[in-house]
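Chemist: Here you go, one structure.
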Amino acid sequence: MKIISKITTPKMLLCLFKTLLPFARTENDILELAALLGVKYKSVSETDFAHSNLITVLNKEGEIVHQQEGPGVKHEETSAAVNKLIN
C-alpha cells in the first residue's frame with residue numbers, strides 16, 4: 001500500500017497500472033478499465049486528481065465478485081471474498 005499512497009498524478013497511476021496489468025498499453029485502456037470497475041476520477045489541479053476509493057475482487061473470468069467503497073470499510077469481507085475464490 002505504500003506504493004499506491006505515493007501516486008499523485010494520473011501519469012503515475014498509468015505507470016502503476018501498466019506494471020500490474022501488462023495488457024493495459026494506453027491511457028484509454030486504463031480509462032476503459034476504470035469505467036468497467038466503476039472507478040470515477042477527476043483532475044483537481046495539474047498535478048493532482050480525486051478518485052473513487054474502491055476495492056474490487058475479480059474471479060478468473062474477470063467478473064466482479066466483490067466490491068467495497070469508501071476509506072472506512074472493513075476488510076474482512078474482502079478477505080472472505082478472496083478466500084472463497086482460492087479455496
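Chemist: Just wondering, is there one or more residues in segment 50-58 that are more than 23 Å from Thr19 (Cα to Cα) and not in a helix (DSSP H, G or I)?
Modeler: So the first thing to find is which residues in segment 50-58 are more than 23 Å from Thr19 (Cα to Cα), and the list is none.
No, every residue in segment 50-58 fails to be more than 23 Å from Thr19 (Cα to Cα) and not in a helix (DSSP H, G or I).
Chemist: Any idea how many residues of segment 29-73 are aromatic (Phe, Trp, Tyr) and surrounded by 14 or more Cβ atoms within 10 Å (Cβ to Cβ)? Give the derivation first.
Modeler: Taking segment 29-73 as the starting set, the residues that turn out to be aromatic (Phe, Trp, Tyr) are 41, 49.
Among the residues that remain, those that are also surrounded by 14 or more Cβ atoms within 10 Å (Cβ to Cβ) are: 49.
Number of matching residues: 1.
Chemist: May I pose another question? Could you tell me whether any residue of segment 37-51 is under 14 Å from the mean Cα position of the chain (by Cα) and either among the charged types (D, E, K, R) or modelled with pLDDT under 75 (or both)?
Modeler: Start the filter on segment 37-51 by keeping residues that are under 14 Å from the mean Cα position of the chain (by Cα), which leaves 37-41, 50-51.
Narrowing further to those that are either among the charged types (D, E, K, R) or modelled with pLDDT under 75 (or both): 40.
Yes; the residues of segment 37-51 include at least one that is under 14 Å from the mean Cα position of the chain (by Cα) and either among the charged types (D, E, K, R) or modelled with pLDDT under 75 (or both).
Chemist: Do any residues in segment 64-87 that are within 16 Å of Ser52 (Cα to Cα) and modelled with pLDDT of 90 or more have Cβ atoms under 8 Å from those of residues that are surrounded by 10 or more Cβ atoms within 10 Å (Cβ to Cβ) and among the small types (Gly, Ala, Ser), where the two are at least six apart or on different chains, and which pairs are they?
Modeler: His66/Ala81; Gln67/Gly38
Chemist: Run Lys42 past the list (1) touching a residue at least 12 places away in the same chain (Cβ under 8 Å); (2) part of a strand (DSSP E or B) and report the number of the one that doesn't hold.
Modeler: It fails just one condition, (1).
The values are calculated or read from the model by the stated rules, or taken from the named source; none is laboratory data. All of these numbers come straight from a predicted model, not from anything done at the bench. Glycine also receives a Cβ, built like all others from the backbone with ideal geometry; neighbour counts cover every protein chain displayed.
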